[in-house]
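Taking it in order: structure first as structure tokens, then the write-up.
The values are calculated or read from the model by the stated rules, or taken from the named source; none is laboratory data. As the structure is a prediction and not an experimental result, all values here were calculated from the model. For neighbour counting, all protein chains shown are included, and Cβ atoms are generated from backbone atoms with ideal geometry for every residue, glycine included. For accessibility, only protein heavy atoms count, side chains too; no ligands or nucleic acids. Shrake-Rupley method; radii C 1.70, N 1.55, O 1.52, S 1.80 Å.
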Amino acid sequence: MDLKTIIESIPGYPKEGIIFRDITPVLANPEALAQTAQQIADFAKEVGATHVLAPEARGFMFGIPAAIAAQLPFVPVRKPGKLPRAVIEETYELEYGVDHLQMHADALTKDSKVLIVDDLLATGGTVKAISNLVKRCDSQVVGYAFVVELDDLHGRNKLDDAPVLSLVHYEGE
């Protein structure tokens with residue numbers, strides 16, 4: 001199944017000059033969602049991941065089913081104040097300001113091999129912050145998986161040297 005035919009392109013959203021890549025039609029199509037989760041799960045096994053880690057909220061939509069399919073633990077990365085136990089936090093820059101991400105301090109161990117999953121790779125800022133959290137646990141990022149990659153924004157350049165799976169690519173469309 002070609003995901004590019006399922007993902008909707010919405011011009012002018014959220015502002016003029018942007019083409020928003022809407023992944024919700026993938027979620028509404030059980031066959032497409034299952035295929036996507038399985039491709040990410042297969043990649044997790046290929047890179048030797050011991051954990052699947054994803055940011056809220058859209059990363060959860062693909063990270064959790066992939067973790068189930070790969071039979072691996074899922075580690076949530078969340079905004080501040082959402083996790084009940086001791087956390088570690090990473091601050092990162094946005095276009096206009098800063099943001100923060102947290103994960104449980106005990107979610108990973110020194111030997112953890114992590115696949116980071118998100119719905120979309122654009123500039124790479126969020127995923128770089130997540131990678132920094134993984135490193136602070138003395139764990140290793142063994143791969144990155146995205147449903148969509150916006151090639152013209154070069155987010156891949158911010159990623160560590162680990163294999164990258166992007167199921168759909170868009171180049172300046």
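Worth pointing out:
- Selection of first residues in the range 118-147 that are under 17 Å from residue 161 (Cβ atoms) and without any contact (Cβ under 8 Å) to a residue 24 or more places away in the chain and of second residues that are surrounded by fewer than 22 Cβ atoms within 10 Å (Cβ to Cβ) and of a type outside the set (Lys, Arg), restricted to Cβ pairs under 9 Å at least 6 apart or on distinct chains, gives the following pairs, ordered by first then second residue: 135/160.
- Cross-chain or 6+ apart pairs with Cβ under 8 Å, the range 1-23 first and open to solvent by 60 Å² or more (accessible area, probe 1.4 Å) and in a strand (DSSP E or B), then modelled with pLDDT under 90 and among the charged types (D, E, K, R): 19/173
- Failed item, numbered, when residue 35 is tested on (1) within 20 Å of residue 149 (Cα to Cα); (2) free of Cβ contacts under 8 Å to residues at least 24 places away in the same chain: (2)
- For residue 110, the requirement of being in contact (Cβ under 8 Å) with a residue 24 or more places away in the chain and not hydrophobic (A, V, I, L, M, F, W, C) is met.
- Residue within the range 45-62 that is touching a helix residue (DSSP H, G or I) at 6+ places or on another chain (Cβ under 9 Å), open to solvent by 70 Å² or more (accessible area, probe 1.4 Å) and without any contact (Cβ under 8 Å) to a residue 24 or more places away in the chain present: no
- When 83, 150 are checked against the criterion of being among the hydrophobic types (A, V, I, L, M, F, W, C) and more than 20 Å from residue 39 (Cα to Cα), a single residue qualifies: 83.
- Subset of the range 79-99 that is open to solvent by less than 60 Å² (accessible area, probe 1.4 Å) and within 17 Å of the chain's Cα centre (by Cα) - its residue that is farthest from residue 134 (Cα to Cα): 99
- Which numbered condition residue 124 fails, given (1) open to solvent by less than 20 Å² (accessible area, probe 1.4 Å); (2) of a type in the set (Gly, Ala, Ser); (3) at pLDDT 95 or above: (3)
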